[in-house]
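The values are calculated or read from the model by the stated rules, or taken from the named source; none is laboratory data. As the structure is a computational prediction, the values presented were derived from the model and not from experiment. Virtual Cβ from ideal backbone geometry, glycine too; neighbours counted across all protein chains shown.
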Amino acid sequence: MRHHYGTIAHVGSPVTPPAQASAALLVMVVIWAVNFAVAKNALSHIDPLAFNALRFPLAALVVLVTLRLRGHVPLPERRDVWKVLALGVLGNVLYQQLFIFGLANTRAGIASVLLAGTPIVTTLLSAALGHERIGALVWTGVAASFAGIALVVASGGTADAGGAHTLLGDALMIGATLAWAVYSVGSRPLVERYGSVAVTAWTLWSGTIGVCLIGLPAVLAADLSQLNWEVWAAIAYAGALSIGLAYMIWYMGVRALGNTRTAAYSNLVPALALLVAWLWLGEVPSPGQLVGAAVILGGVAMVQIAAQRTAAPAAQAG
C-alpha cells in the first residue's frame with residue numbers, strides 16, 4: 001500500500017469529481033484487501049520469488065501504459081538517477097522480498113493488519129529528521145499502534161493450525177513496514193521536486209529489474225506449465241491490479257480529495273482483508289488478534305486526525 005503524495009505537473013489531466021474519486025478509492029480498498037488472500041493462496045503453489053518476478057513486469061507495464069495515455073512521461077535529471085535506483089531497491093526489491101516471504105509465513109489477514117502500522121513508523125522517521133512535529137495525539141496513536149502490533153504478534157503464537165510459522169512471518173512483515181517507511185521518507189525530496197506519481201513510476205520500473213533478476217532462478221526452476229489458471233490469475237491480479245491499477249487510483253484520489261481523506265480509505269483495508277481471509281482461507285483470527293487489530297487502526301486514525309488538524313491552517317491560508 002502505498003504512501004506517497006503529490007501530483008505530476010507533466011502529466012496533466014482533469015481532477016476527478018469527488019464522488020467518482022470516492023467510488024474509485026472504494027474499488028482500490030477491495031483490490032488491496034482481496035490481494036492478501038489471493039497472493040497467500042497462490043504462494044502454496046509457486047515459489048515466492050517466482051511469484052514476484054512474474055507479477056512485477058505486469059505492474060510496471062500497467063503504470064507505463066497509464067502514464068503514456070495521460071501524456072508525456074518525464075525522466076529524472078541525471079544527478080537524481082542514482083537516488084531513484086537506490087529507492088527502487090529499497091521500496092520494491094527489499095520491501096517486496098520481506099512482504100512476500102512474510103505473507104508466505106503468516107496469515108493473510110494478520111499481514112494486512114501489521115502493514116497498517118506503516119504510517120506510524122513513517123511519522124516517527126519524519127519527526128526524527130525534522131520533517132514533522134509530533135504532538136500529544138500523535139504520540140498516543142504511536143503508543144496504541146505499537147501496543148496493538150505486540151498484541152497481534154503475541155496472540156498469533158509460533159504456528160497456526162496449518163503449521164505456518166506465524167512468528168517468523170510477522171517479523172518479516174514488520175520488517176516490510178520499516179522498509180516502506182524508510183522508502184517513503186527517503187523519497188520525500190524527489191517527490192517534492194518531481195511529484196509522487198513520477199517518483200513511484202521510476203522506482204517501480206527500476207525495482208522491477210531487481211525483482212526479476214532475483215526471481216529469475218526460481219522462475220527457471222519452476223514448471224510453469226503445471227500452474228493452474230488460479231495461480232496465473234493471482235499473478236495477474238497481484239501485479240496489474242493490486243500494484244498497477246491501485247497505485248493510479250491512489251494518486252487520483254490524492255488529487256481529488258487530498259492526502260488525509262485519501263489515506264483514511266486505507267484504514268478499511270485490514271478490516272476487509274481479515275474478513276476475506278476468514279471466508280476464503282478459513283483464517284479465524286483469535287480474540288487477541290482482533291483486539292490488537294482494532295488498537296492498531298485506532299492508533300493510525302489518531303495520527304491521521306492529527307495530520308488533518310495540522311494541514312487545515314495551511315489549506316485555509318492557501
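Return the total of residues in segment 156-173 being modelled with pLDDT under 75 and either over 18 Å from residue 281 (Cβ atoms) or of a type in the set (A, V, I, L, M) (or both).
Residues flagged as modelled with pLDDT under 75 and either over 18 Å from residue 281 (Cβ atoms) or of a type in the set (A, V, I, L, M) (or both) within segment 156-173 amount to 4.
Looking across segment 127-141, the residues that are farther than 14 Å from residue 301 by Cβ and either surrounded by fewer than 16 Cβ atoms within 10 Å (Cβ to Cβ) or at pLDDT 75 or above (or both) come down to 127, 128, 129, 130, 131, 133, 135, 136, 139. If you go through segment 165-174 and keep only what is part of a helix (DSSP H, G or I) and either buried (at least 18 other Cβ atoms within 10 Å of the Cβ) or of a type outside the set (Gly, Ala, Ser) (or both), you end up with 166, 167, 168, 169, 170, 172, 173, 174. Scanning segment 74-131 for residues that are within 27 Å of residue 209 (Cα to Cα), among the basic types (Lys, Arg) and in contact (Cβ under 8 Å) with a residue 60 or more places away in the chain gives a single hit, 83. The sole residue among 53, 86, 19 that is surrounded by fewer than 18 Cβ atoms within 10 Å (Cβ to Cβ), in a helix (DSSP H, G or I) and modelled with pLDDT of 95 or more is 86.
Would you confirm whether any residue within segment 61-68 is surrounded by 21 or more Cβ atoms within 10 Å (Cβ to Cβ), among the β-branched types (Val, Ile, Thr) and closer than 24 Å to residue 189 by Cα?
Of all residues in segment 61-68, those surrounded by 21 or more Cβ atoms within 10 Å (Cβ to Cβ) come to 63.
Checking the rest, the ones that are also among the β-branched types (Val, Ile, Thr) come to 63.
Next cut, closer than 24 Å to residue 189 by Cα only: 63.
Yes, some residue in segment 61-68 is surrounded by 21 or more Cβ atoms within 10 Å (Cβ to Cβ), among the β-branched types (Val, Ile, Thr) and closer than 24 Å to residue 189 by Cα.
For segment 263-276, does any single residue satisfy the condition of being over 26 Å from residue 60 (Cα atoms), buried (at least 21 other Cβ atoms within 10 Å of the Cβ) and of a type outside the set (Val, Ile, Thr)? Within segment 263-276, one or more residues are over 26 Å from residue 60 (Cα atoms), buried (at least 21 other Cβ atoms within 10 Å of the Cβ) and of a type outside the set (Val, Ile, Thr).
With respect to the conditions (1) outside any helix (DSSP H, G or I); (2) crowded, with 17+ Cβ neighbours inside 10 Å, residue 284 lacks only one, and its number is (2). The residues listed here are 206, 225, 242, 184; of these, the one that is free of Cβ contacts under 8 Å to residues at least 12 places away in the same chain, of a type in the set (Gly, Ala, Ser) and in a helix (DSSP H, G or I) is 225.
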